[in-house]
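Have a look at the structure below before the remarks.
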Amino acid sequence: LAMHKKALRIFRKTVGPKTKDVGSALCNISHVLADQGKYEEAIQSFEESLVVFRGALGDEHDQVAQTLYNIALCKKNAGDAEGAAECVRESLRIFRKRGISQGPAHMAAALLERLEGRR
């Protein structure tokens with residue numbers, strides 16, 4: 001976690017605070033926090049990365065959809081099924097709009113089915 005935070009500081013200084021690299025560094029931090037079971041902290045970090053990705057890449061980018069899916073997973077694990085479903089629906093909307101149906105889009109669809117009790 002410390003090395004990811006150091007990388008984030010370096011990226012913010014060298015490439016600017018609102019770049020894809022900063023968003024990726026924030027995602028790395030978020031994944032570590034989620035792996036440690038710190039879901040609320042992970043959600044906050046993922047949400048920060050989401051803002052960065054939307055600014056740097058646009059609202060319809062597949063990285064935005066992937067980050068929304070990651071937020072949904074954390075919300076599910078934190079006990080917020082409704083919030084998770086909302087995030088995963090937005091993620092799926094972006095994946096579908098971009099013509100992505102395999103990989104992360106398939107996992108997002110499966111998560112939504114579980115959240116809605118269809119699976």
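Table for the structure above
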quantity: Dipole of the chain [Lys/Arg +1, Asp/Glu -1 at C-beta], most positive-end residue of Ile10, Gly99, Phe53; calculated: Ile10
quantity: Net +/- balance of residues flanking Arg12 in space, Cβ distance below 13 Å, scoring K and R +1, D and E -1; calculated: +4
quantity: Over 23 Å (Cα to Cα) - which of Lys6/Lys75; Lys18/Lys76; Lys20/Lys97 fall in this group; calculated: Lys6/Lys75; Lys18/Lys76
quantity: Carbon + sulfur, % of accessible area of the chain - ligands and nucleic acids excluded, 1.4 Å; calculated: 49 percent
quantity: Potential extension, Arg98-Glu116 segment - 0.36 nm per residue separation minus Cα distance; calculated: 4.1 nm
quantity: Sequence-separation-based contact order of the range 1-102, relative, with Cα cut under 8 Å and 6+ spacing, percent; calculated: 21 percent
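The values are calculated or read from the model by the stated rules, or taken from the named source; none is laboratory data. These numbers come from a predicted model, not from an experiment. Note that we place each Cβ from the backbone using ideal geometry, even for glycine, and neighbour counts take in every protein chain shown. Areas reflect the complete protein model, heavy atoms only, side chains present, ligands, DNA and RNA absent. Shrake-Rupley method; radii C 1.70, N 1.55, O 1.52, S 1.80 Å.
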